[in-house]
Amino acid sequence: AQSVTQPDIHITVSEGASLELRCNYSYGATPYLFWYVQSPGQGLQLLLKYFSGDTLVQGIKGFEAEFKRSQSSFNLRKPSVHWSDAAEYFCAVGARGSGNQFYFGTGTSLTVIP
Amino acid sequence: DAGVTQSPTHLIKTRGQHVTLRCSPISGHKSVSWYQQVLGQGPQFIFQYYEKEERGRGNFPDRFSARQFPNYSSELNVNALLLGDSALYLCASSSPSGALTNEKLFFGSGTQLSVL
């Protein structure tokens, strides 16, 4: 069965510092992988996605993520965090051929301090 | 172009009542999915509808039902509400190129349901 683990419930970083949010997935084949961001009281906005090909994917707002099959990971990174990046971040896996049934992790809450 | 719109934005019900949540997808999108997000958790898949047919169902009781209309809008119905049904209910529509290719979901801002 598909599942996603985000081991960090909450992360605090200083503005301008680098960021890495961890995501591990469980899936029997090559999955579709996604990172979404959610601001308080809002829906989810897609940051980036991985389907195939280059394992380093670029997203919006300066985010990138790297797919590592050997580690079953899809960590999200940003070289320099801005105060506006404070939000909840969700990693999700989608099974190929299963339509829009995504499996989300429990999320990582990001706090940015001046 | 409008994004995915959901109504109402907030709703308060009491245990045992029935609720209907509504969703309008992005123009041209034929697939609508529903997710439940309990406070502090990630969204959980409830249903997917494509071309008015149910194409996927998550692990939710039969109290949860949905339907899709000819204009591709959708309703989520929950009967016999329980306290545990309190959550943010998110609707998502997908791009028109293929609802079953798991490409990209566009989410609405959700309906916050509180069951007292």
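One table, with the values for the structure above:
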{"item": "Complete set of residues in region B:22-35 that are farther than 13 Å from B:Leu105 by Cβ and either of a type in the set (Asp, Glu) or surrounded by 21 or more Cβ atoms within 10 Å (Cβ to Cβ) (or both)", "result": "B:Ser24"}
{"item": "Qualifying positions in region A:1-20 - within 14 Å of chain B (Cβ to nearest Cβ) and not in a strand (DSSP E or B)", "result": "A:Ala1, A:Gln2, A:Gln6, A:Pro7, A:Asp8, A:Ile9"}
{"item": "Residue that is modelled with the highest pLDDT, among those in region B:49-71 that are of a type in the set (S, T, N, Q) and within 24 Å of B:Val115 (Cβ to Cβ)", "result": "B:Ser65"}
{"item": "Filtered residues of region A:87-111 (kept if at pLDDT 95 or above, of a type in the set (Ser, Thr, Tyr) and more than 11 Å from A:Gln6 (Cβ to Cβ))", "result": "A:Thr111"}
{"item": "Qualifying position, being open to solvent by 30 Å² or more (accessible area, probe 1.4 Å), within 23 Å of A:Ser39 (Cα to Cα) and at pLDDT 90 or above, among B:His10, B:His18", "result": "B:His10"}
{"item": "Matching strands (runs of 3 or more DSSP E) fully within chain B where at least 2 residues are touching a residue at least 40 places away in the same chain (Cβ under 8 Å) and touching a helix residue (DSSP H, G or I) at 6+ places or on another chain (Cβ under 7 Å)", "result": "B:111-115"}
{"item": "Total residues in region A:47-79, condition of a type outside the set (Asp, Glu) and either over 16 Å from A:Thr108 (Cβ atoms) or modelled with pLDDT under 90 (or both)", "result": "18"}
{"item": "Meets criteria (closer than 14 Å to B:Ser94 by Cβ and either among the polar types (S, T, N, Q) or within 10 Å of the chain's Cα centre (by Cα) (or both)) for B:Gln36", "result": "no"}
{"item": "Residue within region A:76-93 that is surrounded by 19 or more Cβ atoms within 10 Å (Cβ to Cβ), in contact with a Cys (Cβ under 8 Å, 6 or more places away or on another chain) and assigned to a strand (DSSP E or B) present", "result": "yes"}
{"item": "Options B:Gly42, B:Gly28, B:Gly3; residue that is at pLDDT below 95 and under 17 Å from B:Phe60 (Cα atoms)", "result": "B:Gly42"}
{"item": "Qualifying residue in region A:53-65 (condition: free of Cβ contacts under 8 Å to residues at least 60 places away in the same chain, open to solvent by less than 40 Å² (accessible area, probe 1.4 Å) and within 14 Å of another protein chain (Cβ to nearest Cβ))", "result": "yes"}
{"item": "Residues of region A:13-41 that turn out to be under 19 Å from B:Cys91 (Cα atoms) and surrounded by fewer than 16 Cβ atoms within 10 Å (Cβ to Cβ), as a count", "result": "3"}
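The values are calculated or read from the model by the stated rules, or taken from the named source; none is laboratory data. These numbers were taken from a predicted model, which means no experiment stands behind them. When we count neighbours, we look across all protein chains shown, and the Cβ atoms used for this are built from the backbone with ideal geometry, even at glycine. The area values use the complete protein model at the heavy-atom level, side chains included, leaving out ligands, DNA and RNA. Shrake-Rupley method; radii C 1.70, N 1.55, O 1.52, S 1.80 Å.
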